[in-house]
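This report concerns only the one structure given below.
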Amino acid sequence: MKLLLGDPLSSLKGIGPKRQDTLTSNGLQTISDLLYYFPRRYLDRSLTEQIILSQGQTVTLVGNIIDSYLAHGKTSRLIVGFRTKNNERINLVFFKGANFFQKQLTKNLNLVITGRLEYFKGFQIVHPDFEILDPESDSKDSENLLHVGRIVPLYPSNESLKREGLDSRGFRRIIGQILESKLDIPEVLPKKIITKRKLLPRSEALRQIHFPDSLESWEHACQRLKYEEFFFFQLLLLYKMNLRRQIQRELWPLPKSESYNKLVSNLPFQLTTDQLNAIESIKKYTSSDRPMACLLQGDVGSGKTLTALSIAFHYTDNNIQVVFLAPTEILARQHYYTILKYLGNLPFLNVELLLGGEPKKIRADKLYRFKNGETLIAIGTHSLFQEDIQFKDLGLVIIDEQHKFGVEQRENIRSKGKNPDILAMTATPIPRTLCLTLYGDLEMVVMRNKPAGRQAIDTRWFFEDKKPGIYNSIRKYIEQGRQCYIVYPLVEESEKLDLNSCISSFEDLRLNVFPDLKLGLLHGKMKNLEKSKVMDDFKKGHIHILVTTTVVEVGVDVPNATVLVVEHADRFGLSQLHQLRGRVGRGHHKSFCILLTNKNVSSDAKDRLTALCETEDGFALSEIDLKIRGPGELLGLRQSGLPEFKIANIQEDDQLLKEAREDALQFGEPGSLEKNEIRNRFQEGRILFTN
Ligand code: ADP
Ligand code: MG
């Protein structure tokens, strides 16, 4: 029977219901899924053909086990006698796991071994890489040819897969079976492109990615499969873009906003040129009858909140609702109070803050006002995603710090309106080309400059032995009326330890260093109510020094705080440090950012810290970051909402990405392409901001 790519895995020999379940729960359902389950790395197990073995040579040999014994000397070890096809004896030596290997490597077992030959009372290999071959077959057998005598693929696996015998060897077996069967692998790329870009045909590429004949053919296969991935990604972008362009927006162009004009005349300062330009551009993008998706990039402290609010008023003035989404409750609260402050003596505008864990009655009332349209601006965090939340007429979704949200979350909130416009904001600049190729028709608006009157932040890097002097300076600035942050790193892997060190440092500072000052502690494990109390106290100036983890990383705005000390600064990423630094330099006073590390820091960290001391320009820093770490890290790939590619790499393969985009535009004709075909290749959820 002929296999088809879309067939379920149960049509394969050796895949019963149990294995099938396990594969399904690991995201592998069809023949095609398995073919696109690429090896994580390869071993060169081309068989050593020489008859005469020599010392120092790395060899791959097939043979069987003749004996094994534990040798006790200075160090005890397991010695397994291995006989090659040429009747040569090689001792396989195991210092570690002797008992385990003794049980596993029993007499007569057929093995393939790889390792470096040494000579010590005969040939020996210490801790060889080995694999047990099927007992009935020898190396000529096609089954064994999957595992030896060639470049052999190693597959990603996990506990559940291994329990079903799906380790590298298991995968090799089923994937080998597929490739040997009469399987039709149709070409999916247009012929013109294959010729133009000199790509391997799909069937050949899939063969070579699993069982490469040579390094060269493996490279060709990679190239082709990466291209394919980018191409379909671009096609889907185009497809979705077209769909979106077919959707009508109801209110356009946006009428003039009274409230906006009032806001501007009430502000104690002028909007910056960048803010004004950004507002104009965004308004321009909303002047068509198609929904707008806009990414507002503005460096930390450039005043994005006010820009967004200015836009929001254009909707609310027409009774269209706006959602303002923030990544943390601290930030949501801050936005809420900022808006109330800006609103000042503006006419009544119903702004509502929705937080998690509110009393049922209060929440129900708020939801009621969302639903009947009374509330015009709804501010909140993930709390706004819940199913029971509905709006009467949601027209604009503002997403602050958009990189903190997943794609699904953004899609979720959009689905609460008919075709709401999206205004996403970020302080993490994404290079324009990358943005275009990844987000398709997302409009980009950039604000580079900060409000006038800000002084440069003095950034310095010190070793920890300078702490006493730094504490003296902090005291001096606090005596002048300023406030200070001291930030500790907190990473997932060592969360508990990190938290403990933050708390114990807080105690130490409070009792021994600044007993006469008021210190506050703020970290993510505190209850929301406690957090907002501490934040309030800090805002009001009742707390002099806020000891904290990265919960203050994004958005927090306390202009009177002018000193930021970052402990273990080498443990932070560059954009994170830049974000943190943005907590100071928000008012008229001179601000300082002190980076502390011990004397041994990695060279990457050295590069980051030096860059940070040299420039305050977030755009320049992101370029540097891109060089040091790559875009995944820069954007925090998993959280960034950027598509995750199986084999392609947005940074390393940027040339290929450009080519794929060009070709998709030229040959793609997304309208004519089978919708499902595209979708199969690139799941819907991975695309940002499109319908
Ligand atoms: P970010 O872009 O980092 O989100 P914010 O919106 O929090 O920045 O603004 C930073 C600070 O700058 C706030 O205190 C805000 O009130 C202030 N601000 C915003 N616009 C202006 C302006 N045009 N002139 C002076 N200060 C401004
Ligand atoms: Mg902000």
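The values are calculated or read from the model by the stated rules, or taken from the named source; none is laboratory data. In this text, all values refer to a predicted model and were calculated from it rather than measured experimentally. For neighbour counting, all protein chains shown are included, and Cβ atoms are generated from backbone atoms with ideal geometry for every residue, glycine included. We work out accessible area using only protein heavy atoms, side chains counted, and drop any ligands, DNA or RNA first. Shrake-Rupley method; radii C 1.70, N 1.55, O 1.52, S 1.80 Å.
Yes/no per residue for (1) open to solvent by 60 Å² or more (accessible area, probe 1.4 Å); (2) in a strand (DSSP E or B); (3) modelled with pLDDT of 95 or more; (4) more than 16 Å from ligand 2 (Cβ to nearest atom):
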{"position": "GLY417", "(1), (2), (3), (4)": "no, no, no, yes"}
{"position": "ALA424", "(1), (2), (3), (4)": "no, yes, no, no"}
{"position": "PRO429", "(1), (2), (3), (4)": "no, no, no, no"}
{"position": "LEU434", "(1), (2), (3), (4)": "no, no, no, yes"}
{"position": "MET444", "(1), (2), (3), (4)": "no, yes, no, yes"}
{"position": "LYS450", "(1), (2), (3), (4)": "yes, no, no, no"}
{"position": "GLN455", "(1), (2), (3), (4)": "yes, no, no, yes"}
{"position": "ARG460", "(1), (2), (3), (4)": "yes, yes, yes, yes"}
{"position": "LYS467", "(1), (2), (3), (4)": "no, no, no, yes"}
Can you list the strands (runs of 3 or more DSSP E) found entirely within the range 41-122 that contain at least 3 residues being of a type in the set (Gly, Ala, Ser)?
-> 58-71
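So which of PHE101, PHE38, PHE82, PHE94 ends up being open to solvent by 20 Å² or more (accessible area, probe 1.4 Å), of a type in the set (A, V, I, L, M, F, W, C) and not assigned by TED's automatic domain parsing to the domain that holds PHE171?
That would be PHE101, the only listed residue that is open to solvent by 20 Å² or more (accessible area, probe 1.4 Å), of a type in the set (A, V, I, L, M, F, W, C) and not assigned by TED's automatic domain parsing to the domain that holds PHE171.
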Considering the range 325-338 alone, what residues qualify as being among the hydrophobic types (A, V, I, L, M, F, W, C) and either within 11 Å of ligand 2 (Cβ to nearest atom) or without any contact (Cβ under 8 Å) to a residue 24 or more places away in the chain (or both)?
-> ALA326, LEU331
Among (1) at pLDDT 85 or above; (2) surrounded by fewer than 22 Cβ atoms within 10 Å (Cβ to Cβ); (3) among the β-branched types (Val, Ile, Thr) - the single one VAL397 does not satisfy = (2)
Is one or more of the residues making up the range 542-550 of a type in the set (Val, Ile, Thr), closer than 29 Å to ALA456 by Cβ, within 16 Å of ligand 2 (Cβ to nearest atom) and touching a Gly at 6+ places or on another chain (Cβ under 9 Å)?
-> yes
Can you tell me which residue within the range 254-266, out of those that are outside any helix (DSSP H, G or I) and surrounded by 12 or more Cβ atoms within 10 Å (Cβ to Cβ), is modelled with the lowest pLDDT?
-> LEU254
Positions within the range 536-557 being within 16 Å of ligand 1 (Cβ to nearest atom), modelled with pLDDT of 90 or more and either surrounded by 18 or more Cβ atoms within 10 Å (Cβ to Cβ) or part of a strand (DSSP E or B) (or both), in sequence order | PHE538, LYS539
Selection from the range 300-328 of residues that are assigned to a loop (DSSP other than H, G, I, E, B) and either more than 25 Å from the chain's Cα centre (by Cα) or crowded, with 24+ Cβ neighbours inside 10 Å (or both) = SER302, GLY303, ASP317, ASN318, ASN319, ILE320, ALA326
Hey, any hits in the range 575-586 for a residue that's open to solvent by less than 50 Å² (accessible area, probe 1.4 Å), more than 16 Å from ligand 1 (Cβ to nearest atom) and in contact (Cβ under 8 Å) with a residue 40 or more places away in the chain?
-> no
Please tell me if LEU529 is within 30 Å of GLU358 (Cα to Cα) and touching a Phe, Trp or Tyr at 6+ places or on another chain (Cβ under 7 Å).
-> no
Any chance the range 496-518 includes a residue that's open to solvent by less than 60 Å² (accessible area, probe 1.4 Å) and within 16 Å of ligand 2 (Cβ to nearest atom)?
-> no
Where in the range 574-691 are the helices (runs of 4 or more DSSP H), entirely inside, with at least 1 residues that are at pLDDT below 85 and either within 20 Å of the chain's Cα centre (by Cα) or farther than 30 Å from ASN449 by Cβ (or both)?
-> 574-581, 618-629, 631-635, 637-640, 654-667, 675-681
